[in-house]
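**Student:** I'd like to ask some things about the structure below.
The values are calculated or read from the model by the stated rules, or taken from the named source; none is laboratory data. All values reported here derive from a predicted model rather than from experimental measurement. In this analysis, Cβ positions are derived from the backbone assuming ideal geometry, glycine residues included, and neighbour counts consider all displayed protein chains. Side chains included, ligands, DNA and RNA excluded: accessible areas come from the protein's heavy atoms. Shrake-Rupley method; radii C 1.70, N 1.55, O 1.52, S 1.80 Å.
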Amino acid sequence: MKLRRRSRSGRLAVEPADPVAAKPPVPTSLKIGAAILGIFVVVAAFAPLIATHDPAFQDLTDKLASPSAEHWLGTDQLGRDAFSRLVYAARTDLIVGFLAALFPLILGTTLGAIAGFFGGWVDTVISRVADAVQSFPVYVFLIALVFVLGTGVMPILVAFTAIAWVPYTRLIRTEILRAKGLDYVAAAVVAGLPHRRILFRHVLPNSVRQTVVYFMSDVILATVTLATLSFLGLGLPVEQPEWGRMISEGRTFLRNQWWLSTVPGLVIVALGMGYALIGDGLAQRLRGDG
Amino acid sequence: MTTALEVRNLSVEITRHGHTIRPVDDVSLSVDAGDCLGLVGESGAGKSMTLKAILGLLPKGARVTSGELLLHTAEGTLASIDPISVRGHGISMVFQEPMTALNPTRRVVDIIADGARAHRDMSKSEAHETAVRLLGEVGVPAPERRARAWPHQLSGGLRQRVMIAMALATEPDVLLCDEPTTALDVTVQDQILGLLDRIRRERGLSIIFVTHDLAVIGQVAQEVAVMYAGRVVETGPVRPVLDRSLHPYTNALVTSIPHVDIGTDQRLRTIEGAPPDPANFPPGCRFSPRCPFAQPDCTRAEHVLVEQATDHRTACIHPEALASISVEGSP
C-alpha cells in the first residue's frame, strides 16, 4: 500500500494510505500523451513569440529557400517562412480539430441520452435519423456539406457536427439502456428523485467512459480530416496556415524541397500520437487498472 | 395493532411474444406498524415481483392487472395509494446487491443526501449533516470520514449499511428489503440483520423482508408469508408457521434446512421436482404435483387461505395430513 503524506492534518507522514483519499497511479501513456499535447498547446498559445517571421509575409525573391539560420525550415513557393507557418497552423489545427470533435460529442451525447432514457417514439426517431446519416459515405457527405456551406471555420464545424454525432449517440444510448436497469437507478427512482436528476446524476455519469475514450480517437480523426479537406482545397481560407494545406502545397516540390510536405506531416503524426496516448491512458485509468 | 401497509389482491401479468403469464397471482399481504413481515419462497415464486409492483418498478411488459395498495396515513386510516406517489415518502427499499445499488460516481454522502433532499426541502449542508447522522445511526464507523468515500472503497457490509442509510433518508414508514443479506458473508449478515432489527424498534418502522432463507426469517420476522408459484400459500406468526406448518410446502422448506450435525453419510433433504413454469401452472393447488400428501381432489382445489389457528392461515385443503406427522428439523 502506498504511503501518503498528510501535511494538512498534521498527522504522521508514514500513516498508511487513507482508502478514502488514495488514488490509483496515473498511467505512463497518459503522462506522455498529455506532455505531447501540452507542447502543442504551448506552441499554439505563444505562436507569435515562437514564430520567427510573419507567417503571411511573402518574399518572392526568396522562394523555396533551403533551411538556414534565417528560415529554419526554408521558405515555400511564395517565399513565406515555413517554420512560422507551421507554428501558426498549430492554432488552427488544434482548436478546429478539437471543436470539430467536441460539438458532435455534445450533440451526440444529448441525443443518445434522450433516446436511451426516454425510449419510445423519441428513441425511434433519433435512431432512424442516425441510421440515415450513417448510410452516407462519410467523406462524400462531408465534402458535399463543406462545399455547400462555404469557406471558414463555422461551415467546417457545422459539417462535422452534422455527421460525427452518430457514433456518440449509439454509444451513449446503449450504455444508458444498460445503466437504466441497474439497481442504483431503481434506488434513485424509489427515493423519488426527479427524472432530470436521475438522468444527469445517476445514468449519464456512468455511461460516458467509452465516450471519453472514443472522443480522443475522434479528435485525431477530426484533425486529420480537417487537414485532408484543406489538402483538397476545401474548408479553410487559402491564406490561413494549416498543416494539410502545407502538405498539399509542398507536394509539387517534394523532389527538391521534401521538408515542405514532410515536416507538417510528421507534426500531424506527433499530435495524433499524443491524443492516442491520452485516449489509451484514459481507457486504462477508467477500467481501473491504471 | 395498526396496519402500516396492506396489499390487496395484487396480480401482475407479463405478456411476451403473445403469451401472458401471471407471476404474481392474487397476493394479499399486510404488515403491522413496527413489525417485520418475512416473505419467503423459492426463486421465481413472485417475491421480488411483488415488491417491485408495490414500488411501481415493474420491468417493461409487466403490469399490475388488479390489486390495491393501502398505506397508513397520518389520520390513522388506511388510504389507497398509487405506487409512484409514495416514492421517496412512505416506502423505501433496500436492494439485494450493495455492489450495484450504489452509484459508483457519487460519494456516499451525496447518495444519502439526495434521498433526504428529495423527501423534503433542506439546504445542501443540512442534507449533508443528515447523511452523516444516518451513517452514524446505521453503525458506520467514522461517519464523517466515510461520508467522503466512494462506494467502491467500502466493504460489502459497509455498502449495505450505506444502502440502509439511503433508504432511511426519505424517512419511510415501511422498508422493503429484497434479500439484503444474501450477498454478504454470514457474520456480516448477522450484523446487518441486527441493525435492521434495531432500526425497526427504534424508529417504529415496518419491514417487509424478502428472502429464501428461513433461518433469517426466524431471526428478524414476527409475521411470515410463504409464497409458491405466484401465490401466498401460508401466512401467520413466525413461530407457528415454522414450527407447526400447515402447508406441505412450508414444511418441506423447513425440513430442507441443512444442519451442522447432519452425518456425512446422510443426504440433504430436498423438495422433489422443480418449481412450475409460470406459463404452465398446474391446476388446483400448484404444489400438488410435488406434494407428498397430495390427494386426488388437490388438483381441483380452489385457492383460498383458511384460518386454521389464531392468525395462522393456509391454502392447503388437507392440513390434517401434516398434523399427523411430527415436524423435524425446525430452526
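**Student:** Collect the residues in segment A:167-179 that are farther than 18 Å from residue A:106 by Cβ and either open to solvent by less than 40 Å² (accessible area, probe 1.4 Å) or at the interface with chain B (Cβ under 10 Å from one of its Cβ atoms) (or both), keeping them in residue-number order.
**Tutor:** A:179
**Student:** To continue, here is another question. Report, by residue number, each residue of segment A:181-200 that is charged (D, E, K, R) and surrounded by fewer than 19 Cβ atoms within 10 Å (Cβ to Cβ).
**Tutor:** Taking segment A:181-200 as the starting set, the residues that turn out to be charged (D, E, K, R) are A:183, A:196-197.
Across segment A:181-200, the qualifying residues are A:196, A:197.
**Student:** In segment B:1-49, what residues are assigned to a helix (DSSP H, G or I) and either touching a His at 6+ places or on another chain (Cβ under 9 Å) or at pLDDT 90 or above (or both)?
**Tutor:** From segment B:1-49, those assigned to a helix (DSSP H, G or I) are B:47-49; that's our starting set.
Across segment B:1-49, the qualifying residue is only B:47.
Conditions (1) open to solvent by less than 40 Å² (accessible area, probe 1.4 Å); (2) in contact with a Lys or Arg (Cβ under 7 Å, 6 or more places away or on another chain), marked per residue:
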{"position": "A:233", "(1), (2)": "no, no"}
{"position": "A:242", "(1), (2)": "yes, no"}
{"position": "A:246", "(1), (2)": "yes, yes"}
{"position": "A:274", "(1), (2)": "yes, no"}
{"position": "A:283", "(1), (2)": "yes, no"}
{"position": "A:286", "(1), (2)": "no, yes"}
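**Student:** Could you give me the residue pairs with C-beta distances under 7 Å whose first residue belongs to segment A:204-224 and is farther than 16 Å from residue A:269 by Cβ, whose second residue is among the hydroxyl-bearing types (Ser, Thr, Tyr) and part of a helix (DSSP H, G or I) wherever it lies, and which are 6+ apart or on separate chains?
**Tutor:** A:211/A:109; A:211/A:168
**Student:** Return a yes/no flag: does segment B:52-63 have any residue that is touching a Phe, Trp or Tyr at 6+ places or on another chain (Cβ under 8 Å) and under 23 Å from residue B:209 (Cβ atoms).
**Tutor:** The first filter runs over segment B:52-63 and keeps only residues touching a Phe, Trp or Tyr at 6+ places or on another chain (Cβ under 8 Å), leaving none.
Checked segment B:52-63: no residue is touching a Phe, Trp or Tyr at 6+ places or on another chain (Cβ under 8 Å) and under 23 Å from residue B:209 (Cβ atoms).
**Student:** So if I check each of B:158, B:134, B:176, which one is of a type outside the set (S, T, N, Q), surrounded by fewer than 23 Cβ atoms within 10 Å (Cβ to Cβ) and not in a loop (DSSP other than H, G, I, E, B)? Steps first, answer last, please.
**Tutor:** Values: B:134 fails: surrounded by fewer than 23 Cβ atoms within 10 Å (Cβ to Cβ); B:176 fails: surrounded by fewer than 23 Cβ atoms within 10 Å (Cβ to Cβ).
One residue alone meets the criteria, B:158.
**Student:** Residue A:189 is checked against (1) within 14 Å of chain B (Cβ to nearest Cβ); (2) touching a Gly at 6+ places or on another chain (Cβ under 8 Å) and fails just one. What number does that condition carry?
**Tutor:** Unmet for residue A:189, out of (1) within 14 Å of chain B (Cβ to nearest Cβ); (2) touching a Gly at 6+ places or on another chain (Cβ under 8 Å): (2).
**Student:** When you scan segment B:2-19, how many residues do you find that are more than 20 Å from the chain's Cα centre (by Cα) and small (Gly, Ala, Ser)?
**Tutor:** Total meeting the criteria: 1.
**Student:** Evaluate segment B:272-282: report whether one residue or more is of a type in the set (D, E, K, R) and either at pLDDT 85 or above or not in a loop (DSSP other than H, G, I, E, B) (or both).
**Tutor:** no
**Student:** Conditions first: (1) within 9 Å of another protein chain (Cβ to nearest Cβ); (2) open to solvent by less than 60 Å² (accessible area, probe 1.4 Å); (3) at pLDDT 85 or above. Residue B:57 passes all but one, so which condition is the exception?
**Tutor:** Every listed condition holds for residue B:57 apart from (3).
**Student:** Which residue is farthest from residue A:36 (Cα to Cα), if the candidates are limited to segment A:192-227 and must be among the aliphatic types (A, V, I, L, M), part of a helix (DSSP H, G or I) and within 14 Å of another protein chain (Cβ to nearest Cβ)?
**Tutor:** Looking at the filtered set, the residue picked out is A:198.
**Student:** Additional query: Return the residues of segment B:117-129 that are assigned to a helix (DSSP H, G or I) and either basic (Lys, Arg) or closer than 20 Å to residue B:200 by Cβ (or both); say none if nothing qualifies. First the steps, then the outcome.
**Tutor:** Going residue by residue through segment B:117-129, those that are assigned to a helix (DSSP H, G or I) are B:117-119, B:124-129.
Across segment B:117-129, the qualifying residues are B:117, B:119, B:124.
**Student:** Further, regarding this structure: Across segment A:40-77, what is the number of residues that are open to solvent by 70 Å² or more (accessible area, probe 1.4 Å), in a loop (DSSP other than H, G, I, E, B) and at pLDDT 85 or above?
**Tutor:** 2
**Student:** Give segment B:222-241 a look and list any residue that's within 17 Å of residue B:197 (Cβ to Cβ) and either modelled with pLDDT of 95 or more or buried (at least 19 other Cβ atoms within 10 Å of the Cβ) (or both), or say none.
**Tutor:** B:223, B:224, B:238
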